[in-house]
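Undergrad: Just passing along the structure, written as structure tokens.
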Amino acid sequence: MIGMDDLKKVLTQLNRRDFLTKAGLGFGSFALSSILQGSVPASEKRREDEVATEFIRGPHFSPKAKRIIYLFQSGGPSQLETFDYKPALTKWHGQEIPDSVRGTQRNSGMVAGQSTFPLVKSIFDFKQYGQSGAWVSELFPYTARIVDELCIIKSMHTEAINHEPAVMFVQTGSQQSGRPSMGSWLSYGLGSDNQNLPHFMVLISKGVGDQPLSTAAWANGFLASHHQGVQLRAGKDPVLYLKNPYGVHKEDRKRALDRIKELNEHQYTLWGDPEIQSKITQYEMAYKMQTSVPDAMDTSKEPDYIYEMYGEDSRKPGTFAANCLLARRMAERDVKFIQLYHMGWDQHGDLPKNIAKQAKDVDQASAALVTDLKQRGLLEDTLVVWGGEFGRTSFSQGKLTPDNYGRDHHPGCFTMWMAGGGVKTGQVYGETDEFSYNVVKDGVHVHDFQATLLHLFGLDHEKLIFKHQGRRYRLTDVHGRVVKALIA
């Protein structure tokens, strides 16, 4: 029987909800929603969850890809030193970029005080490879061997000119933090094929570059918290606080989690807050991860030829090569979204020396990953993506010398490649002008890329929607088209 004290508490709670609902009609709602974010009324939470079901969650049609490994090169790799060969720059080298060309794109504030903008050819040689005849820089000899497994997109373009907004834009569809990342959207739309590992896992190369990287790039945004990316660290404890404390046995931990689950389910019965269910899911996953994560991260039984394929760095935990090997192991275990971040591509100066180091870090391992997946029969339904957040300018930032130069940020065009997962490989898609400054054919906007990626997973980007604070959101915002020419 409900006592008077309990009844008073319920009435007080209802009055508080009524007050917040009415207050939300005023200007103070913005402050209240921020301060009281964790106390959203159950009725509102339920309504948002129900609205999500108004739109069909996927797959909306037969998918070509089951999982993705996204090799994100943070900092903005220069397309001119990697895959976008521009022989005309040899003729223009040292001359001022025409105003009619430079005026077509924004430049960052870092060249605001620069009085001269000399065009600069790449110091590295290019050759054509494969049946596709793709031009590849000498910096990428291993990637050059697999060009017929790749779809190289030269006509990517974005709206952001600085790192943080540009990374957010590629990863979440918005230049502002707070939106769900692609991995979170896929988790929300498709769930998981492995109940013992998170849907979305993140690996970051250690000790590379000084470019900051925000955790917002793999955050869940306004989606339930169990959709966020789980970052794994190199070393003995891949996930902090996952191990039981000394003296706590596995059976004791299980009993404690079972009791916590009972309490959470009781709270959910009272308030109907879906985030409570998300917390239950996270506790259960953490318990399963105590066994599944060490197993996935243990590469000690990998044969020597695998280490030789990925390169000597693959024996060093935390390197890009070691993370590529781990990514293959996660793909084998059907983790839906595997995100690798390799920083250090922001070469405003000393570009020839620095980009050579970056390319050496990633070239062999990236190619080995594609080859390894193919020989295991996984490449067919595993999408591999390689690329950064924007490109670099064709004019030199800072002083141009015979053996040194730099390049500023450039949103107007950049290059990415994809392999496997239903992509039409052995092709080079899109073109840029003779300066690699503007797209002149078959442009692919960031939202087009995202729409195409979702399509490969059987998701219609216009139907994968979540209503939040009165607005229907999607990864591609209100833009984006599927680029059918990229799909096999």
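Undergrad: If you average the sequence gap of Cα pairs under 8 Å that are 6 or more apart and divide by the length of the chain, what percent do you get for the contact order?
TA: With pairs under 8 Å counted, the relative contact order is 29 percent.
Undergrad: Hey, another quick one. Need one word for region 394-448: rounded, prolate or oblate. Basis is the Cα gyration tensor (sqrt eigenvalues a ≥ b ≥ c); a/c below 1.5 gives rounded, then a/b vs b/c decides.
TA: prolate
Undergrad: Among the aspartates and glutamates, select those whose C-alpha is under 14 Å from the C-alpha of residue 91, and discard any that sit fewer than 8 residues away in the same chain.
TA: In chain and number order, the partners are 434.
Undergrad: Which of (1) 34, 28, 22; (2) 43, 28, 20; (3) 47, 27, 20 is the computed semi-axes √(5λ) of the Cα gyration tensor in Å for the structure on display?
TA: Correct label, based on the coordinates given: (2).
Undergrad: Based on the alpha-carbon gyration tensor of region 303-454 and its eigenvalue square roots a ≥ b ≥ c, which shape applies: rounded if a/c is under 1.5, prolate if not and a/b is larger than b/c, or oblate?
TA: It is oblate, given that a/c is not under 1.5 and a/b is not larger than b/c.
Undergrad: Under a cut-off of 15 Å between alpha-carbon atoms, report the aspartates and glutamates in cross-link reach of residue 243, not counting same-chain residues fewer than 8 places apart.
TA: Of all the aspartates and glutamates, those that pass the test against residue 243 - Cα under 15 Å, at least 8 places apart if same chain - are 251, 252, 284, 295.
Undergrad: Another question, if that's okay. With the cut-off at 22 Å, tell me which of the pairs 121/353; 250/279; 353/424; 254/288; 86/441; 206/254 have Cα atoms farther apart than that.
TA: Those over the limit are 353/424; 206/254.
Undergrad: Taking only C-alpha pairs under 8 Å that are 6+ residues apart, what is the relative contact order of region 234-295 in percent?
TA: 40
Undergrad: In whole angstrom, note down how far apart the Cα centers of region 404-467 and region 266-281 are.
TA: About 40 Å separates the Cα centre of region 404-467 from the one of region 266-281.
Undergrad: So what is the 222 nm mean residue ellipticity for the chain from helices alone, if each DSSP H run of at least 4 adds -39500 (n - 2.57) and you divide by all residues, rounding to the nearest 500 deg cm²/dmol?
TA: -11000 deg cm²/dmol
Undergrad: Quick one: of 66/301; 154/467; 66/484, which pairs are farther than 30 Å apart, Cα to Cα?
TA: Too far apart for the 30 Å limit: 154/467.
We did not get these values from a lab; they are worked out from the coordinates using the rules stated. Just so we're clear, the structure is a prediction, and the values are computed from it rather than from any experiment.
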